[in-house]
Every structure is written in C-alpha cells, then in structure tokens.
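Asks: First the structure, then my questions, so here it is.
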Amino acid sequence: MFKIMKTEDWKEIDEARKAAIVVLLHNSRGPFMDLPRTAGWGYPEPYTRDLMFSILGIAVSGNTKLMDSIRKVLETLAQNQTPRGHIPSLVHDMEDRGASDTTPLFLLGVGIFRKVTGEIYFLEDAVEKALTWMEYQSPSDRFLVAQQPTSDWRDEQWVTGYGLFVNTLVYSYLRILGKEQRAKCVLHEMSRFTITGGTMHSHVHEGLVVKHKPYYAFWSYKIHSSERFDLLGNSLAILAGIASPSRADEMVSWIEEECAAMQKRGDLAVDLPPNFFPYINPEDPDWHQRYTLFNKPGEYHNGGIWPFICGIYVAALVAAKRYTLAAEKLLVLTRCIKLSTTGEVSYGFNEWIKAQNGQPMGQDWQTWSAALYLYAVKCVEEKRTPFFDEIR
C-alpha cells in the first residue's frame, strides 16, 4: 500500500491526519451542554447529522477522549428522542425536528459504536423506538422510506420521495444492527428501475436503478425521478454493497470520465468529484428561485466539492478495489483540506469548495471534514473499509 505513493506523500498525509485530530479535539466541547461543535468557529451548535457522520473517523482514530464525546452525543440524542422515536436535528434540542436523515444516522452511529466498544445493547430502548419510527416513514407501507424536500443534509436542495442517500443509510443500519430480512427487502426495492413513460401500472413499485447508467437515481417517487448524480448516496451504495462489484467498478469509471469532461469544459477546477452533477442551471425545470441566493451551479449542494463526501468517495474506491485511484484522490483531498477561508490556519478542513475555481467557501475546521478525512486515510492505508466490510 505504501508503494502506491512516494514516502514524502505519506508524510504529508500523516501530518494532515495529526491536524485532523487537533481539529476534532478542539471541537469536542462546545457551548451547548459541553457537546461537540459542528465547526471550530462558525457552527458552535451540535448538529446531529454532522456528528453522526463524524463517528466513522472518530471510531478509527483510537482517541478515547473523542470516543467519550461521541458517547455523550449518542446518550443525549437518546434522551431527546421524541416519544415516537424521531431523533432531533440538534443534539441538545428535542424541539428541533423534521430531518429525514438524523434518525437513520443515529441508528448507524449506534451500530458503529457498539462494534467498537462491544456494548451490544447500548441504547437498546432508543434503538427500538427509532427502528419503529423509520418503519412508519414509508408512504407505501413497504420498505423504502420517503422524505420531504430540504429535509436531509441538503437543506437547500429538493429531494422528493424516495431519496437515494437516506435509503442507503436505512440499508446500512439494518445490516449493522443485524436486521437482515428487512435489509434484504430494502435492497430488493432499491434494485427496481425508476418508472419511465409517465404511467404507473397497478402493483408496479418505483425503484432507484437508472436504465443504461451505472449509478442510482438521485430520488424517485411514482412516475417522477431525478437522474442527476448524487456522489454521497452512490458512494454509500458502493460502501454498503448495494452496488454489486461490477456495478461499483463501472460507476467509478463513469464518475472519473464525467469529472474529466467537466474539467475540460471549465466546470471543475479540482481533481475531486463535485457532490452533485450535472449542476442545476436557472433554465432547468428543477431549478428553484431560492437557488439564486444559496445554490448556484458549482456551489453548496448544487455541485460544490465537500471534503467529507470526498472522504467517503475515497472509502468507496477502496471498497471497489480501486486502490491506486483511492490513494491518488486521498492525496488530492489532503491538499484541499489545507485550504481555508481565513488563510490563518495551516489546515482549513473547510466545509465546501467552489467547483469552478477550487476556492473554499464554507466554515473552517468543520468536524465532519476532519473526521471523514481520518476515515479515508485508514481505508487507503489498510485497504479495507471499517464497519462496511462486514455489511458488504
């Protein structure tokens, strides 16, 4: 594995890994009940989804202080769970509700925490309530769960109905918690084609497979769907084994070819994939007027480069056994996480980067950017994907 890159490259990666630990320790206590911060300065609040994603990196860090902070996060979420089982969007605020991804991320996070600590019944009551809540999120009373627009991590982008990202989380937590039969049913429904032709026949159910494409649809609901590419959802599909090895390999090749084409057009200035493409433009039917302020093409959720997602993509490359490419992308990511909005820190671990010019645009010292960098390094270093290997 160390022969893939030069020794000095690995030294650069190791320095960045140490910097990530510094960021996470700095963020491990914030102003709200001593819970972790979402970012070093800009986001003092403990956002549930960010901290649940950070479990992946913290769990492989070997740092007991960080593990203790995550234990507190999980226990506080359980205390603030609604009577019906929903997990709030802010760890400390039981009234901040409505997210579609916080409950599945909590279930996945508990599953990972159990694997690391050996506490197989950790938060068992909260887990059972959350599992019940998730079963009620299916409009068809089946297995895929649906969501309202802007209710997952994309708070400025519309995902309607059965979103790929949330359902990859559902499959993953079911597997890690040993709910094999229901996981099998989720996989079966995801593996159906999206409905085309404008007609939904009786007893025909929509799925997330796109005809003649190696990746999964962004979302699908009845006769409607989006075939734009969601990097986070598809990377998780590879990691969790929703995509077969052959589909995963084909998908990776497709992603790299599309990114090369975007670079030639001037739509992409960094050798890392945007979180979403093709970008939604003002003339497109799925454009919303609010995007003018917050979601311009190549920015934020509409094609920004997110370091935490790129960390998951690197892990997906390892899962697809594309080890050389994973190492190459890790090195590019290492150089990207040095960028900062302020220019006052050696490692920015920024929130997101503008696709067309590679400039950092979000908050520095983002918890999930640092944590998922740690996870990506571990995956490349050991040619394995902790917690997902056994799922896949």
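Read the figures in this text as sums done on the coordinates, not as results from a lab. Everything quoted here is computed from the prediction, not taken from an experiment. Heads up, the Cβs are rebuilt from the backbone with ideal geometry, glycines too, and the neighbour counts pull from every protein chain shown.
Asks: Taking R0 as 41 Å, what FRET efficiency do you get between R384 and Q148 from their Cβ-Cβ distance, rounded to the nearest 0.05?
Replies: 0.65
Asks: Determine, for each peptide in 363-372, 281-290, the mean count of other beta carbons within 10 angstrom over its residues, then list the peptides with the highest first.
Replies: Peptide ranking by packing, descending: 363-372, 281-290.
Asks: Using the basic label-point model (7 angstrom from Cα toward the beta carbon), what is the D96 to T342 distance in nanometres?
Replies: The two pseudo-label positions are separated by 2.2 nm.
Asks: For K179, give me every one of the lysines with a C-alpha distance below 19 angstrom, ignoring sequence neighbours fewer than eight places off in its own chain.
Replies: Partners found: K115, K129.
Asks: Here's a follow-up. Can you list the HN-Hα couplings for segment 36-41, worked out from phi with the Karplus curve (6.51, -1.76, 1.60; θ = phi - 60°), rounded to whole Hz and with x for Gly and Pro?
Replies: x, 7, 7, 8, x, 9
Asks: Quick one: length gained pulling K65 to T132 fully straight, 0.36 nm per residue minus the C-alpha distance?
Replies: 20.9 nm
Asks: Another one. Please report the net charge: other residues with Cβ closer than 14 Å to the Cβ of T385, K and R +1, D and E -1.
Replies: Combined, the nearby Lys, Arg, Asp and Glu give +4.
Asks: Give the aspartates and glutamates whose C-alpha is closer than 18 Å to that of K264, dropping any in the same chain fewer than 8 places away, or say none.
Replies: Leaving aside aspartates and glutamates fewer than 8 places away in the same chain, those within reach of K264 are E256.
Asks: Only helical DSSP H runs with n ≥ 4 go in: add -39500 (n - 2.57) per run for the chain, normalise by residue count and round the 222 nm mean residue ellipticity to 500 deg cm²/dmol.
Replies: Mean residue ellipticity at 222 nm (helix-derived): -14500 deg cm²/dmol.
Asks: Classify segment 34-136 as rounded, prolate or oblate from the Cα gyration tensor: take a ≥ b ≥ c as the square roots of its eigenvalues, call it rounded if a/c is under 1.5, otherwise prolate when a/b beats b/c and oblate if not.
Replies: oblate
Asks: Where does the charge balance sit around R228 when Lys and Arg score +1, Asp and Glu -1, over other residues with C-beta under 10 Å from its C-beta?
Replies: -4
Asks: If we count every other residue with Cβ under 10 angstrom of T82's Cβ, Lys/Arg +1 and Asp/Glu -1, where does the sum land?
Replies: That sum, taken over residues with Cβ under 10 Å, equals +2.
Asks: If I model a spin label as a point 7 Å beyond the Cα along the Cα-Cβ vector, how far apart are those points for K115 and K222 in nm?
Replies: That separation, rounded to one decimal, is 3.8 nm.
Asks: Follow-up. Run the numbers for Q289 and Q263: contour at 0.36 nm per residue of separation, minus the present Cα-Cα distance, in nm.
Replies: So the chain would gain 6.7 nm between Q289 and Q263.
Asks: Applying a 10 Å radius around every beta-carbon, put 151-158, 167-174 in order of their mean neighbour count, most first.
Replies: Going from most to least packed, we get 167-174, 151-158.
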